[in-house]
Amino acid sequence: MSRIGKLPIKVPAGVTITVGKDNAVTVKGPKGELSQKVEGGMIIELNDGELTINRPDESKESRSLHGLYRSLLNNMVIGVSEGFRKELELVGVGYRVSNNGQILDLSLGYTHSILLELPKEIKVETKMERNKNPLILLESCDKQLLGQVCAKIRSFRKPEPYKGKGVRFVGEQVRRKSGKTAAK
């Protein structure tokens, strides 16, 4: 049996889960509302504040989907109750960031600034302090959407190994390389 799939999901207070027809699961909470269609004939049961997912048979496909849907539903429950938060920092001389509502304005050393319109489900905040790297703070109840947006922002200027410049997550370690002159 799947180690992840057999774990029950505890539903916190203030979160309601409804299982509709075709195994469409909707999770509502204080931070928002998310829905996911569960494929593969998975059996979803809601008892005494716990959500359990059981697989219909022992086929390879059912076993592979069991842990996947448990993780997706658990992330939905955590997202609508607590939310997810990511912090990105811009490391480099002259790198700047600002936001005007849901539009993010990035200045990353190119000849032009990059404008990125964020989805309405994501809350964005930017911090520019003197003698500190600019920060982008992103919050959302949808973990998958938040990860996609972070990956998109990071793809504009990935951290490079020689000087360490680029967009990175706060606390991320970048493996540094020595330049050509250090070879002698």
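The values are calculated or read from the model by the stated rules, or taken from the named source; none is laboratory data. Remember, predicted model here, so these are calculated numbers, not experimental data. Here Cβ is always computed from backbone atoms with ideal geometry, including for glycine, and neighbour counts include all displayed protein chains. Quick note on the areas: whole protein, heavy atoms, side chains included, nothing else; ligands and nucleic acids left out. Shrake-Rupley method; radii C 1.70, N 1.55, O 1.52, S 1.80 Å.
Can you pull out the residues in region 32-47 that are among the polar types (S, T, N, Q), within 25 Å of the chain's Cα centre (by Cα) and either more than 15 Å from GLY67 (Cα to Cα) or modelled with pLDDT of 95 or more (or both)? Listed by number, the list holds a single entry, SER35. Per the listing GLU129, GLU117, the residue uniquely open to solvent by 60 Å² or more (accessible area, probe 1.4 Å), modelled with pLDDT under 95 and more than 21 Å from VAL174 (Cα to Cα) is GLU129.
Could you tell me whether any residue of region 103-110 is open to solvent by 50 Å² or more (accessible area, probe 1.4 Å) and more than 16 Å from LEU137 (Cα to Cα)? Yes: one or more hits. In region 25-67, what residues are open to solvent by 40 Å² or more (accessible area, probe 1.4 Å), assigned to a helix (DSSP H, G or I) and in contact (Cβ under 8 Å) with a residue 24 or more places away in the chain? Within region 25-67, ARG63 is the sole residue that qualifies.
Take the residues in region 146-184 that are open to solvent by less than 100 Å² (accessible area, probe 1.4 Å) and of a type in the set (Ser, Thr, Tyr), then tell me which one is nearest to the chain's Cα centre (by Cα). Checked region 146-184; the qualifying residue nearest to the chain's Cα centre (by Cα) is SER155. Note on region 86-98: among residues that are assigned to a strand (DSSP E or B) and over 20 Å from the mean Cα position of the chain (by Cα), the one that is surrounded by the most Cβ atoms within 10 Å (Cβ to Cβ) is VAL97.
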